[in-house]
């Protein structure tokens, strides 16, 4: 009996060594159902109604998994071997935007008509499920972080900075244009911002996009993101919402 018990324990341990549970969500935070997971260009799992996908094949360090929904994608690169069961959260994105909401707060002042709001978003640079379809981001720019980059003082300080510096364009106010532009930029290991780009702009309002970029370029140095305890270069994605009050 003792021998049988030991054997059962060993079998159970062996069966759980390669188990990885991915919790896949849409950009709005809701579970993503029927998302296909690819490994080595082969389908290895599909998410259920809760957005869960169980991977039982061995995933080694450096291997990449691709998550494909109807029109959204995501990628995961294993930074280490997974000898024990682990749960990993994944948020889908589209080629022209990113996901993973962190915080949303209004920056409008009571009584003001011209105001703006911002939602801080940190996410991965999405790619197609086939490795050869779209080149992966440069290796020196990390997309999977232990600690995401942070504005000095945190999201509250970031919102305050945007509130004090972001101005509603007069042309947009006159035409009552509202919308959100998605700004992506790079934060290097020293916290310096560079490569500021509009990934998707406010419809019919290039002035809004220019204003959002102007304010981002004004920002002080950030606290850089970290991977394995080391400061690294990473992307940061900041949707800025323009809303008349």
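Can you list residue pairs whose Cβ atoms sit under 9 Å apart, with the first residue in the range 190-203 being free of Cβ contacts under 8 Å to residues at least 12 places away in the same chain and the second being crowded, with 18+ Cβ neighbours inside 10 Å and part of a loop (DSSP other than H, G, I, E, B)? Count only pairs 6 or more apart in sequence or on different chains.
Final answer for the pair search is 194/188.
When you look at residue 211, is it buried (at least 19 other Cβ atoms within 10 Å of the Cβ) and not in a strand (DSSP E or B), yes or no?
Details: buried (at least 19 other Cβ atoms within 10 Å of the Cβ): yes; not in a strand (DSSP E or B): yes.
The answer is yes for residue 211.
Against the definition (part of a strand (DSSP E or B), farther than 23 Å from residue 62 by Cβ and not assigned by TED's automatic domain parsing to the domain that holds residue 64), how does residue 183 come out, yes or no? Outline the logic, then answer.
Numbers: part of a strand (DSSP E or B): yes; farther than 23 Å from residue 62 by Cβ: yes; not assigned by TED's automatic domain parsing to the domain that holds residue 64: yes.
In short, yes.
Please specify each residue of the range 35-61 satisfying the condition of being within 14 Å of residue 74 (Cβ to Cβ) and in a loop (DSSP other than H, G, I, E, B).
35, 47, 51, listed by residue number.
The values are calculated or read from the model by the stated rules, or taken from the named source; none is laboratory data. All values derive from a computational prediction rather than experimental measurement. Quick reminder, even Gly has a Cβ in these numbers, built from the backbone with ideal geometry, and neighbours come from all protein chains shown.
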